[in-house]
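Presented below is the structure to which this report refers.
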Amino acid sequence: MFRLQGSKVLAVDMTGDAVKAKNGSMVAYDGQMTFKKLSGGGEGIRGMVTRRITGEQMTVMEVKGHGTCWFADRAAEINLVGLQGDKLYVESSNLLVTDAGLRTGTTFTGLRGASQGNGLFTTTVEGHGQAAILSDGPAVVLRVSPQYPLTVDPGAYIAHQGGGLRQSFQSGVTFRTFLGEGGGEAFQIRFEGEGLVYVQPSERETIAGDV
């Protein structure tokens, strides 16, 4: 159902089913499609409360019908993630398309989100199906195991998945502090346990890593 055409365009073939996509990300379609605007932050009352608390204005559209839809966003690289009942944690700005059957919501992430200007929450996607996430440059998927914990610069972090993955924050010296670019108290994200972490080769234009 999801297939990449090059690395920056996602084609989704639909036979009466639906997908949820980042608002404004559709670049073309053929066949018969209907479009419905949804609000981000998750479904139901909890989603509404979360949006009010976080001020998250992420808008999502539901695309349904028969034919093919093509999606892209600012020429960013697109990466496909398969979910088999597990949960994906992803920055809302990096989520492009999900199967309509996947549940989306929000979760509290602590300081990292605040440092990136994304609020204190990150988006969760769970269930069985596919999701497409965006990265600035080709994403690198790094495996975390109990023997090999992973430390990531907040500006390069996109997403992580795996029920056995624990996330914490380390203050102190970051990669950028060594280069003399840090200002304020710097921190990194540390992952321990078992799972996958997605990072991008280009850091966001933010004060990520400095609180």
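The values are calculated or read from the model by the stated rules, or taken from the named source; none is laboratory data. Quick caveat, the model's predicted, so the values are computed rather than measured. Reconstructed Cβ throughout: ideal geometry from the backbone, glycine too, with neighbour counts over all protein chains shown. Side chains included, ligands, DNA and RNA excluded: accessible areas come from the protein's heavy atoms. Shrake-Rupley method; radii C 1.70, N 1.55, O 1.52, S 1.80 Å.
Observations on the model:
Conditions tested, residue by residue: (1) over 21 Å from Y198 (Cβ atoms); (2) surrounded by 14 or more Cβ atoms within 10 Å (Cβ to Cβ); (3) among the basic types (K, R); (4) at pLDDT 85 or above.
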residue	(1), (2), (3), (4)
G31	yes, no, no, yes
K36	yes, no, yes, yes
R46	yes, no, yes, no
V49	yes, no, no, no
V60	no, yes, no, no
G65	yes, yes, no, yes
A75	no, no, no, yes
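- Of everything in region 6-24 that is open to solvent by less than 50 Å² (accessible area, probe 1.4 Å) and among the charged types (D, E, K, R), the residue that is nearest to the chain's Cα centre (by Cα) is K22.
- Residues that are among the aromatic types (F, W, Y), surrounded by fewer than 21 Cβ atoms within 10 Å (Cβ to Cβ) and modelled with pLDDT of 60 or more do not occur anywhere in region 178-188.
- Among residues of region 93-112 being under 15 Å from P154 (Cβ atoms) and surrounded by fewer than 22 Cβ atoms within 10 Å (Cβ to Cβ), the one that is modelled with the lowest pLDDT is L111.
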